[in-house]
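Report on one structure; see the data block that follows.
The values are calculated or read from the model by the stated rules, or taken from the named source; none is laboratory data. In this text the structure is predicted, and so the values were computed from the model without any measurement. Quick reminder, even Gly has a Cβ in these numbers, built from the backbone with ideal geometry, and neighbours come from all protein chains shown.
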Amino acid sequence: MNLQKMVTTYIPQGIFIVTSRDGNKINGMTAAWVSQVSFKPTLLSVSIAPQRYTYELITNSKYFCINVLSKEHIDLAKHFGFKTGRQINKFETVAYKFAANGCPVLEDAIAYFECKLVGECEAGDHIIVIGEVVDHKILKEGKEPFIFKWEDFFGG
């Protein structure tokens with residue numbers, strides 16, 4: 001078993017769509033490296049490759065939203081994970097609304113957490129963005145969050 005597959009198998013992570021909005025530009029990306037990092041204030045972190053379009057929108061707008069998916073949303077996760085928002089509008093066929101500070105919220109999400117950017121930290125080939133939760137809501141009660149499995153995205 002390769003190291004990446006081993007890590008994702010034995011250190012489970014959820015699957016999320018991280019969105020942001022900068023003026024009239026919106027984008028979202030699939031992310032598995034999301035974590036709570038503080039109780040007071042409630043801070044969440046997301047690890048993002050700095051070349052990602054969503055990272056650019058986050059650094060410009062200072063806001064991002066973590067959309068929690070259920071396990072039925074593998075196609076949605078692939079849609080936001082395998083295409084770049086610089087070349088296509090990922091939201092063209094996806095229903096969404098806006099959170100309090102303008103970040104897109106997927107109507108299929110089971111919950112969301114909109115965050116105000118409060119810090120960044122370099123971590124290898126990624127940047128960890130840290131945000132304070134400023135808006136949040138459960139959209140679909142009783143649904144289980146989607147847990148990442150290597151084979152769902154990259155085969156056996």
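Taking residue 92 as the residue in question, decide whether it is at pLDDT below 95, loosely packed, with under 13 Cβ neighbours inside 10 Å, closer than 17 Å to residue 21 by Cβ and acidic (Asp, Glu). Criteria met by residue 92. Of all the listed residues (115, 121), the sole one being more than 13 Å from the chain's Cα centre (by Cα) and assigned to a strand (DSSP E or B) is 121.
Within the range 1-17, residues that are within 17 Å of residue 30 (Cα to Cα) have Cβ atoms under 6 Å from residues that are at pLDDT below 85 and part of a helix (DSSP H, G or I) in these pairs: 8/150, counting only partners at least 6 apart in sequence or on another chain. Within the range 95-116, restricting attention to residues that are among the charged types (D, E, K, R) and more than 16 Å from residue 131 (Cα to Cα), the residue that is surrounded by the most Cβ atoms within 10 Å (Cβ to Cβ) is 108.
Scan the range 12-30 and tell me whether some residue there is of a type in the set (Gly, Ala, Ser), more than 9 Å from the chain's Cα centre (by Cα) and buried (at least 16 other Cβ atoms within 10 Å of the Cβ). Yes, the range 12-30 has at least one match. Looking at 102, 131, just one residue is at pLDDT 95 or above, small (Gly, Ala, Ser) and part of a strand (DSSP E or B), and that residue is 131.
Show the residue pairs meeting these rules: Cβ distance below 8 Å; 6+ apart or different chains; first residue within the range 42-61 and touching a residue at least 12 places away in the same chain (Cβ under 8 Å) and under 16 Å from residue 116 (Cβ atoms); second residue crowded, with 19+ Cβ neighbours inside 10 Å and basic (Lys, Arg). Cβ pairs passing all conditions: 57/21; 61/21. One residue stands out in the range 31-47 among those that are closer than 29 Å to residue 86 by Cβ and polar (S, T, N, Q): the one that is surrounded by the most Cβ atoms within 10 Å (Cβ to Cβ), namely 45. Checking each residue of the range 55-67 against the condition of being surrounded by fewer than 18 Cβ atoms within 10 Å (Cβ to Cβ) and among the small types (Gly, Ala, Ser) gives no match.
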